[in-house]
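A short write-up of the structure that comes next.
The values are calculated or read from the model by the stated rules, or taken from the named source; none is laboratory data. In this text, all values refer to a predicted model and were calculated from it rather than measured experimentally. Methodologically, a virtual Cβ is constructed for each residue, glycine included, from the backbone with ideal geometry; neighbour enumeration extends over all protein chains shown. Each accessible area value is taken on the protein alone, full model and side chains, heavy atoms only, with ligands, DNA and RNA left out. Shrake-Rupley method; radii C 1.70, N 1.55, O 1.52, S 1.80 Å.
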Amino acid sequence: MDIKVKTEGLGIEKENILEMRAEASKALDRLWSGNQDMTGWVQAPIHQSAEELEYILNVADVIKEEAQLLVVVGIGGSYLGAKAAIEALPKVERGAHVRFFGTNFCTDYYRETIEEIKQKNTILCVISKSGNTTEIKAAFDTLKPIMEEKYGSREAANQRIITVTDAEKGGLRAETEKNGYTNLIIPSDIGGRYSALTPAGLLPMAVSGIDIRELLHGAKDMALSASWDDDGTDYAICRHLMQETGRVIEIIEMCHSRLGYLGEWIKQLYGESEGKNGQGLFPATLTFSTDLHSMGQYIQQGRQNFFETIVSVDDPEYTVTIPEGDLKGKTIDELNKAMIEGVINAHRGVGIPVAEIHIPKLDAYHYGQLLYYLETTCAITAMLDGVNPFDQPGVEAYKAEMRKILGL
Ligand code: PA5
C-alpha cells in the first residue's frame, strides 16, 4: 500500500501488537468471508461492474450537460463521503456545482438553497437508504414544489429528479417507481457510512469532475494489498489497545486545509461504528496549523486522556516559495513539514502518543486507497472491541424521540 501509517509513536510495545495480529487477521477474514452482514463494501471495489460504472458516468454527464447546479439531498453516510472527496480532490473534468442539502434544520440555509435553485438550472439528487429520515423528507418535500414551479409541471420536475436508494426497501424506492425518477442503487449489504464508493458517493463526485475510475482503482489496490498479511492491521490493533491505557479520545489532525471534511467523514465512520455498549474511542478532529493556535494549548497541557493521529500529504500539487523576509527561499511545504515535526517533538515530549498517516499525493487514486484503508481499520478495531461495526441503534433512538415530539 502507498499510504504510510506509523504507529511506533503510540508507545505500544511491539510484542503486544504482534500478539494481537492473529485476532485482527481473523476479524479481517470475517469481513472477507461474505458471511457477515453489511460487509458488501469489502469486496465491492474488486467486483465493480464496468456497466454500473458506465451508468454512473453517463448519468453524471447528463447532469453536467443539463444543469449548472446539482442539489444533493442526503445526510450522514448519504452525504459525507461525497462532500469530503469534493472538498479534497482535484477536478480533472469540467463539472457542475454540487450543493449539499438536508444536512440540518437551518431555516437560513433552506432559504439560500431555494434562492439558488430559482436562479440556476438545477437537478435534484435525493440519496437515502431508508427513505424515512426526517431531514431528507423535509428537504425533498420542500424542494419538489420549487422545482415544479420552476420547470412548469410536476412531470417536468420529475425528469430532473434522481434518487439513490436501496434496491428494494424504503419509501423513496416506492416513490421512485411511481414517478419514474432516474435511479441508482446502494447495495443492500452496504450501510450508509461505508457507502462512499457506491453511487451514493460516486455520482456527486463524478458530477463535480473527480476521476472516480482512479478512486476505485486505488480502493481496489488497497483491498488486494499484501500489507494486510503483514502490518496492515497494526493501526486498528493500536486503536483498540490505546483504550486500555485510559486514552479514550483519538484526535485526528489534518495538516492540509482540503482535508477538513475527510475529518467529518472519519468522525461518522469511527463514532457510529465503534461507540456502543459503553465502548469505543471518541473521535475528534482538528486542522493544523490553524488549531494549534487555539486547541494547541489544551493538547500540550490539558487533561491527557487522548492520543493523536496526524494526517498529512507528502507531496503537494504545487510549490510556493516565500519571496522575501526572514523565511525567504523556504517553501510553504517546508514550513508545513517543520510544523508537523515540531508538533510531534513537543507533544511526545510531554508523553502524548502520536500516530502518523502519510498520503503520498492528494489525488483520486491515493484517496481511494485511504478510504478503503480507514473503513477496514475501523471495522477491525470495532470487532476487537467486541462491538458490531455495522449497526447504529443510538442514532435511531433520537429519530424515534423526534418523531414522537412531532406527532408522526
Ligand atoms: O451511517 C448511517 O447509516 C447513517 O449515518 C445514515 O447514513 C443516515 O442516518 C442517513 O440515512 P438514510 O440514508 O437512510 O437517509
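Please determine, in degrees from 0 to 90 and to the nearest 10, the orientation of helix 50-66 with respect to the longest principal axis defined by the Cα atoms of the chain, where the helix direction is its Cα long axis.
60 degrees
Suppose we keep just the DSSP beta bridges with both residues in the chain; what percent of those would be antiparallel, to 5?
Working: 4 of 41 bridges.
For the chain, the DSSP antiparallel bridge percentage is about 10.
Taking chymotrypsin sites (Phe, Trp or Tyr not before Pro) as candidate sites, keep only those in a DSSP loop with at most 15 other Cβ atoms within 10 Å, then name the longest stretch of the chain containing none of them.
Values: sites that count: F105, Y318.
Longest run free of exposed loop sites: 106-317.
Scan the chain and hand back the longest stretch that contains none of the GluC sites (Glu not before Pro) lying in DSSP loops with at most 12 other Cβ atoms within 10 Å.
On the way: sites that count: E13, E168, E317, E324.
Answer from the scan: 14-167.
Quick one: which residues, 5 or more positions from T182 or on another chain, have an amide H under 5 Å from its amide H? H modelled 1.01 Å from N in the peptide plane, none for Pro or chain starts.
Long-range HN contacts for T182: I161, T163.
Using the Kirkwood formula over every pair of different C-alpha atoms, what hydrodynamic radius in Å results for the stretch 337-408? Don't jump to the answer; show the numbers that get you there.
Details: mean 1/r = 0.0608 Å⁻¹.
Result for the stretch 337-408, one decimal place: 16.4 Å.
To the nearest 20 Debye, how big is the dipole of the stretch 196-269 about its Cα centre, given +1 on the beta carbon of each Lys and Arg and -1 on that of each Asp and Glu? Kindly include the intermediate steps, with their values, before the conclusion.
Working: 6 positive and 11 negative charges, 71 e Å.
Roughly 340 debye for the stretch 196-269.
What dipole magnitude, in Debye to the nearest 20, does the chain give about its Cα centre under +1 on Lys/Arg Cβ and -1 on Asp/Glu Cβ? Working shown, then result.
On the way: 40 positive and 60 negative charges, 230 e Å.
In total the dipole reaches around 1100 debye.
Whenever you get a sec, compute what percent of the accessible area on the chain sits on carbon and sulfur atoms (1.4 Å probe). Before the final figure, lay out each step's value.
On the way: 9050 of 18140 Å².
Answer for the chain: carbon and sulfur cover 50 percent of the accessible area.
Under the Kirkwood approximation for Rh and a Cα-based Rg, what ratio Rg/Rh is obtained for the stretch 329-377?
1.09
Round to the nearest 10 and give me the degree value, 0 to 90, for the angle of helix 393-405's Cα axis relative to the longest principal axis of the chain.
For 393-405 against the chain, the angle is about 40 degrees.
Tell me the relative contact order for the stretch 47-211 as a rounded percent, counting alpha carbon contacts under 8 Å between residues six or more apart. Working shown, then result.
On the way: 282 pairs, mean separation 56.0, N = 165.
RCO, the stretch 47-211: 34 percent.
Using only Cα atoms, locate the centre of the stretch 177-226 and the centre of the stretch 57-136, then give the distance between them in Å, rounded to an integer.
If you average the Cα positions of each part, the centres end up 15 Å apart.
Would you kindly derive the ³J(HN,Hα) couplings of the stretch 162-170 from the backbone phi angles with the Karplus curve 6.51 cos²θ - 1.76 cosθ + 1.60 (θ = phi - 60°), listing them in order in whole Hz, with x for Gly and Pro?
10, 10, 10, 9, 5, 5, 10, 8, x
How far is helix 107-119 tilted, in degrees, relative to the longest principal axis of the Cα atoms in the chain, given as a value from 0 to 90 rounded to the nearest 10?
60 degrees
Would you please classify the overall shape of the stretch 244-290 from the alpha carbon gyration tensor, given that a ≥ b ≥ c denote the square roots of the eigenvalues, rounded means a/c under 1.5, and beyond that prolate means a/b larger than b/c while oblate covers the rest? Could the numbers behind the result be given before it?
Working: a/c = 4.55, a/b = 1.74, b/c = 2.62.
Oblate.
First check a/c for the stretch 226-372, with a ≥ b ≥ c the square roots of the eigenvalues of its C-alpha gyration tensor; if it is under 1.5, answer rounded, and if not, answer prolate when a/b is larger than b/c or oblate otherwise. Before the final figure, lay out the partial values.
On the way: a/c = 2.04, a/b = 1.39, b/c = 1.47.
Note, shape of the stretch 226-372 comes out oblate.
In debye, nearest 20: dipole of the stretch 62-178 around its Cα centre with unit charges on the Cβ of K, R (+) and D, E (-)? Let's see the in-between values first.
Numbers: 17 positive and 17 negative charges, 22 e Å.
So the magnitude is around 100 debye.
According to the Kirkwood expression over distinct Cα-Cα pairs, how big is the hydrodynamic radius of the stretch 169-280, in Å?
Numbers: mean 1/r = 0.0576 Å⁻¹.
Computed over Cα pairs of the stretch 169-280, the Kirkwood hydrodynamic radius comes out at 17.4 Å.
Heavy atoms only, probe 1.4 angstrom, no DNA, RNA or ligands counted: give me H366, H217, H256 ranked by accessible area, highest first. Display every interim value, and only then the final one.
On the way: H366 25, H217 80, H256 45 Å².
I get H217, H256, H366, largest accessible area first.
For the chain, what does the accessible surface come to per residue with a 1.4 Å probe? Please give it in Å². All intermediate terms of the calculation are to be shown ahead of the outcome.
Details: 18140 Å² over 408 residues.
Using a 1.4 Å probe on heavy atoms only, each residue of the chain averages 44 Å².
Which translational diffusion coefficient, to the nearest whole µm²/s, is obtained for the chain from the Stokes-Einstein equation, given a Kirkwood hydrodynamic radius over C-alpha pairs, 4 °C and 1.567 mPa s? Don't skip to the answer; put the middle values down first.
Working: Rh = 22.5 Å.
Translational D for this selection: 58 µm²/s.
How high is the relative contact order of the stretch 78-155? Use alpha-carbon pairs under 8 Å, at least six apart in sequence, and give a whole percent.
On the way: 31 pairs, mean separation 27.0, N = 78.
Relative contact order of the stretch 78-155: 35 percent.
Roughly how compact is the stretch 114-184, stated as its Cα Rg over 2.2 N^0.38 Å to two decimals?
Normalised by 2.2 N^0.38 Å, the Cα Rg of the stretch 114-184 equals 1.06.
Specify whether the C-alpha gyration tensor of the stretch 47-211 places it in the rounded, prolate or oblate class, a ≥ b ≥ c being the square roots of the eigenvalues: rounded for a/c under 1.5, otherwise prolate if a/b is larger than b/c and oblate if not.
Values: a/c = 1.33, a/b = 1.16, b/c = 1.14.
Here the stretch 47-211 falls in the rounded category.
Where does the charge balance sit around S188 when Lys and Arg score +1, Asp and Glu -1, over other residues with C-beta under 12 Å from its C-beta? Don't skip to the answer; put the middle values down first.
Working: positive: K129, K169, R173; negative: D37, D166, E168, D189.
Computed value for this residue: -1.
Residues with amide H under 5 Å of I252's amide H, sequence separation 5 or more or different chain, H placed in the peptide plane at 1.01 Å from N; which?
Those lying under 5 Å, H to H, from I252 are A284, T285, L286, T309.
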